[in-house]
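One structure is given here, and the rest of the page talks about it.
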Amino acid sequence: MGSESTFIGELEVSAGVEPTADFADFENLTNVALIRKVASEFSDQLELMPYQRAGEDMQLAVSVYLSPKSSPGRIIAVLARRSFPHSKQMLIALVKEARERLDLLRKISSRFEEASLGSARESLAKVLSELTSA
């Protein structure tokens, strides 16, 4: 994926809420270089996406891609979304939360290709390993 096709953040404009001067300022976030580095390494399996809705604080969503059994394509499963992590420890905690929540999909695992669930688990484990060793 070329750099012009890489998503660097997601914003949501809300009716009646004026964006502030720092709204969706994805370039100046704490730890954004580390987050983008890890996200780019695992971009085939997951997203670490900054997100901001007008009138609210910046957040980071941890999502994985799952393949449905019923049709071609991918599903984005948002596993965790919290206040933007301003420390490496907060980022690690958010990724751990996402890994734990992936297990909640066991009840409907028959809807997804097992390989995509395995890939999601493995990718989250690798992200955690990289974050804790860096």
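The values are calculated or read from the model by the stated rules, or taken from the named source; none is laboratory data. Model, not experiment: these values are computed from the prediction. Reconstructed Cβ throughout: ideal geometry from the backbone, glycine too, with neighbour counts over all protein chains shown.
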Fill in: Matching option when the condition is within 26 Å of residue 27 (Cβ to Cβ), hydrophobic (A, V, I, L, M, F, W, C) and without any contact (Cβ under 8 Å) to a residue 24 or more places away in the chain, among 80, 98
80
Worksheet item: Just checking, which of 53, 111 is in contact (Cβ under 8 Å) with a residue 40 or more places away in the chain and loosely packed, with under 15 Cβ neighbours inside 10 Å?
Response: 111
Worksheet item: What is the one condition in (1) surrounded by fewer than 18 Cβ atoms within 10 Å (Cβ to Cβ); (2) over 30 Å from residue 20 (Cα atoms) that residue 116 does not satisfy?
Response: (1)
Discussion item. Whether any residue in the range 15-30 is surrounded by 12 or more Cβ atoms within 10 Å (Cβ to Cβ) and in contact with a Phe, Trp or Tyr (Cβ under 7 Å, 6 or more places away or on another chain) is what I want to check.
Written reply: yes
Practice prompt. For residue 79, state whether it is under 9 Å from the mean Cα position of the chain (by Cα), modelled with pLDDT of 95 or more and not charged (D, E, K, R).
Written response: yes
Worksheet entry | strands (runs of 3 or more DSSP E) enclosed by the range 8-111 - at least 3 residues per element that are touching a helix residue (DSSP H, G or I) at 6+ places or on another chain (Cβ under 6 Å) | 46-53, 59-66, 75-83
Discussion item. Let me confirm something: among 119, 67, which residue is more than 24 Å from residue 8 (Cβ to Cβ) and modelled with pLDDT of 95 or more?
Written reply: 67
Worksheet item: Of the residues that make up the range 112-125, is at least one part of a loop (DSSP other than H, G, I, E, B), of a type outside the set (Gly, Ala, Ser) and more than 12 Å from the chain's Cα centre (by Cα)?
Response: yes
Practice prompt. Could you please let me know if residue 69 is surrounded by fewer than 18 Cβ atoms within 10 Å (Cβ to Cβ) and in contact (Cβ under 8 Å) with a residue 40 or more places away in the chain?
Written response: yes
